[in-house]
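To keep things clear, I will list the structure first and then write my remarks on it.
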Amino acid sequence: MPRNARKPLAAAALAVLAVPLTACSGTSAASDENVVTVYSADGLKGENGDGWYDRVFADFEKETGIKVEYVEGGSGEMVQRTVREKRNPQADVLVTLPPFIQQADTKGLLQKYAPEGADHVSGADKSATGTWTAVVNNYFGFVHNTKELKQAPTTWEDLLDGRYENKLQYSTPGVAGDGTAVIVKAMHDFGGEKPAMEYLKKLQANNVGPSASTGKLAPKVDKGELLVANGDVQMNYAQSKSMPNLGIWFPAREGGKPTTFALPYAAGLVTDAPHTENGRKLLDYLLSQKAQRQVSEIGGGFAARQDVKATDANAIALTGLMDGVEVFDPDWNDIEKNLTSYIDAWKEATGS
């Protein structure tokens, strides 16, 4: 169940360099010893500079003099880029959602490093071999437009209704972590791969189409361009502060309980990173008590450290949001091992 959640606060302006996805040479990073490059799944950087990353990167630079160069994309996209650069790594720290952090590990992209404070992270939220650890805990979910929908959806079956035609979208499995999570949840809720794919095949009649980024879907839902999209609790809760028409929900099977599962942002030190020592310092900082308190205070998420608690109004609100929702534990090792076959089955079912 969720541990912490607080009201997002405006962050001070900071010098985080947004590195274009096309810039692969990385010569400036390689030549500057006072930088650290982060490749990360989207969701932790604010739309208006008010996200958790915005604050902690600014504070980290102020305290250490080390600038953060930041590259954002889908979880799968970030792993694929790191794979392409394996012979000449450009990133120092990689942050992705499961099962992509496990995928990065099996591909040899991560080196062993246990950040300070990792001993306070649950064993389920870190690698047994010390190659990665959660820095922000989170849960998978969906959003709907509360203004346009007089009757909000509650089940998977609701989404097959004709009113959602071209008004529903989920991010692309295999590319986005939250998109891959759609398959994970469907397989759990429908009782296996085959029935899940049969359902997703039907759902495709209403699906707008692919999206590499989950974070870009919520603004469309808020504006009414979409009625429903996938997401995650941390990102969508933070977005709802500036997007008043977002409602977070968890689909159930018809006649069943709503379900979800933990989907943490997990971070690791890249193998042969150009600035390994700076990467270690950043990972230490992300797991510091100060930064972990800011996960809820600013990011609207849940601290990865078990010794960091929150009892503010937003923490209470998020606990209420999760009330009655069944939390299950995916077998991430199995999912990582069979991910390609699951994605292939999804592509065949949906014609994607």
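Is at least one residue of the stretch 248-266 among the polar types (S, T, N, Q), at pLDDT 95 or above and assigned to a loop (DSSP other than H, G, I, E, B)?
Looking through the stretch 248-266, none of the residues is among the polar types (S, T, N, Q), at pLDDT 95 or above and assigned to a loop (DSSP other than H, G, I, E, B).
Do any helices (runs of 4 or more DSSP H) entirely within the stretch 156-240 hold 3 or more residues that are over 18 Å from ALA345 (Cβ atoms), and if so, which? Explain how you work it out, then say what you get.
On the way: elements: 177-190, 193-203, 217-223, 233-240.
Correct list: 217-223, 233-240.
It is to be established whether one or more residues within the stretch 116-124 are at pLDDT below 95, under 15 Å from TYR265 (Cβ atoms) and not hydroxyl-bearing (Ser, Thr, Tyr).
The answer is yes, given that some residue of the stretch 116-124 is at pLDDT below 95, under 15 Å from TYR265 (Cβ atoms) and not hydroxyl-bearing (Ser, Thr, Tyr).
Mind checking which pairs have a first residue in the stretch 261-276 that is acidic (Asp, Glu) and a second that is part of a loop (DSSP other than H, G, I, E, B), Cβ under 8 Å, 6 or more apart or different chains?
Close Cβ pairs (under 8 Å, with a partner that is part of a loop (DSSP other than H, G, I, E, B)) amount to ASP272/PRO89.
Restricting to the stretch 74-111, and then to whatever is buried (at least 20 other Cβ atoms within 10 Å of the Cβ) and free of Cβ contacts under 8 Å to residues at least 60 places away in the same chain, can you tell me which residue is farthest from PRO330 (Cα to Cα)?
Here the answer is MET78.
A quick yes/no check of all residues on (1) surrounded by fewer than 24 Cβ atoms within 10 Å (Cβ to Cβ); (2) under 25 Å from SER240 (Cβ atoms); (3) over 22 Å from the mean Cα position of the chain (by Cα):
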site	(1), (2), (3)
TYR113	yes, no, no
GLY130	yes, no, no
THR133	no, no, no
PHE142	no, yes, no
TRP156	yes, yes, no
TYR199	yes, no, yes
SER213	yes, yes, no
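Being of a type in the set (S, T, N, Q), closer than 13 Å to ASN207 by Cα and touching a residue at least 60 places away in the same chain (Cβ under 8 Å) is the filter here, so list the residues in the stretch 146-177 that pass it.
Residues satisfying the conditions are GLN169, SER171, THR172.
Can you tell me which of GLY177, GLY256, GLY192, GLY209 is touching a Ser or Thr at 6+ places or on another chain (Cβ under 6 Å) and of a type outside the set (S, T, N, Q)?
Just one listed residue meets the conditions, GLY177.
If you check ASP119 against the conditions, is it free of Cβ contacts under 8 Å to residues at least 24 places away in the same chain, assigned to a helix (DSSP H, G or I) and charged (D, E, K, R)?
In short, yes.
Please specify each residue of the stretch 144-154 satisfying the condition of being outside any loop (DSSP other than H, G, I, E, B) and open to solvent by 10 Å² or more (accessible area, probe 1.4 Å). Outline the logic, then answer.
Within the stretch 144-154, the first condition is being outside any loop (DSSP other than H, G, I, E, B), and the residues that meet it are 144-145.
Listed by number, the list holds a single entry, HIS144.
Limited to the stretch 55-67, what total is found for residues that are surrounded by 23 or more Cβ atoms within 10 Å (Cβ to Cβ) and among the β-branched types (Val, Ile, Thr)?
Residues meeting the conditions: 1.
Output the residue which, of all residues in the stretch 48-69 that are touching a helix residue (DSSP H, G or I) at 6+ places or on another chain (Cβ under 7 Å) and not in a helix (DSSP H, G or I), is modelled with the lowest pLDDT.
GLY51
The values are calculated or read from the model by the stated rules, or taken from the named source; none is laboratory data. Quick caveat: nothing in here was measured; it's all calculated off a predicted structure. Note: ideal-geometry Cβ built from the backbone for every residue, glycine included; neighbour counts use all protein chains shown. The accessibility values were calculated without ligands, DNA or RNA, using every heavy atom of the protein model including side chains. Shrake-Rupley method; radii C 1.70, N 1.55, O 1.52, S 1.80 Å.
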